[in-house]
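Written out below as structure tokens is the structure these notes cover.
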Amino acid sequence: MEELELAEKLAKFATPTLYEVSPRVQALLPSTAPLYRPIQLWGKAYPVLTATGDNAAIHRAVAKAPEGSVLVVATGQDTTRGYWGEVLMEAALAKGIRGLIIDGGVRDTNVLRERLFPVFCGAVAIPGTSKDRVGILNQPLMIAQVLIRPGDFIVGDGDGVVVVQADVATEVLEAAEARVQKELRMIERIRLGESTLDLLNVKNEE
């Protein structure tokens, strides 16, 4: 199975389902949140470490990242500036970049929503950035307390973002399908009158 096909299959499952099936699936902190809902993002991670207050590395990443990439940008959690806006979005769309995850701010949000460009960000911020510092591209980095490696699978939806390590992606896909089937059977039993206390072995004591 090709990697982008595998990423698309993972994205058919909700992020909480993927997170629950393996300890090697990590969830970004809720502080990196969907810019809009509903939202769907999947692809292979292209990590970007940019200097705080400067977005030159992001411009470089848009030019260099392979088609189908998800840019994962660490800014030092700077939510006071807009590192991404309409111009970068249009450049990313032209290159086939699937979306953006950034722990800093973005702007031009009306256009980002209108174009349905998937963005998960730390904030919305008007002030811009400089373009002077090179930054680091396509190397492992930490963002929202999760280690992102080049080529990790990224899945984002209205609940947030999860990161699936590439070498366990097939295993996670199979486990997610099994979990969905198990939960469907449980829901059927609930609709027939059974209690979640019994189904989940929850203690029912005062």
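A few notes on this one:
- Put in line by how crowded their Cβ is, counting other Cβ atoms within 10 Å and starting with the fewest, Tyr19, Tyr36 read Tyr36, Tyr19.
- Using 0.36 nm per residue and subtracting the Cα-Cα separation, the extra length available between Tyr36 and Lys131 on full extension is 31.5 nm.
- Per-residue ellipticity at 222 nm from helix content only, as computed over the chain with -39500 (n - 2.57) for each DSSP H run of at least four residues, stands at -9500 deg cm²/dmol.
- Cβ crowding within 10 Å, taken as a proxy for footprinting-reagent exposure, orders Val25, Val111 from fewest neighbours to most as Val111, Val25.
- Residues Ser69, Ser22, Ser195, arranged from fewest to most other Cβ atoms within 10 angstrom of their Cβ, appear as Ser195, Ser22, Ser69.
- Of the trypsin sites (Lys or Arg not before Pro) found in segment 10-51, those that fall in a DSSP loop while having at most 15 other beta-carbon atoms within 10 Å are Lys12, Arg24.
- Span-like helix criteria (full DSSP H runs; alpha carbon extent of at least 30 Å along the helix axis; mean Kyte-Doolittle hydropathy of at least -0.5) are satisfied in the chain by 169-191.
- Separation of segment 148-188 from segment 18-83 is 18 Å, based on Cα centroids.
- Förster radius 25 Å - calculated FRET efficiency between Gln77 and Arg113 (Cβ-Cβ, nearest 0.05): 0.60
- Residues Glu171 and Ser195, FRET efficiency given R0 of 35 Å [Cβ-Cβ distance, rounded to 0.05]: 0.60
- Extension gain, Val124 back to Glu3 (0.36 nm per residue minus Cα-Cα distance, nm): 40.4 nm
- Summarising the amide proton neighbourhood of Val106: residues at separation of 5 or more, or on other chains, whose placed amide H is nearer than 5 Å comprise Tyr83, Ala123, Val124, Ala125.
- Cα gyration tensor, segment 113-193 - rounded (a/c under 1.5), prolate or oblate: oblate
- Only Cα pairs under 8 Å and 6+ residues apart enter the sum, and on that basis the relative contact order of the chain stands at 29 percent.
- Shape category assigned to segment 27-155 from the gyration tensor of Cα positions, a/c cut at 1.5: rounded
Bear in mind these aren't lab numbers, they're just calculated from the coordinates by the rules spelled out. Please read all numbers here as calculations on a predicted model, not as lab measurements. All Cβ positions, glycine included, derive from the backbone under ideal geometry; neighbour counts span all protein chains shown.
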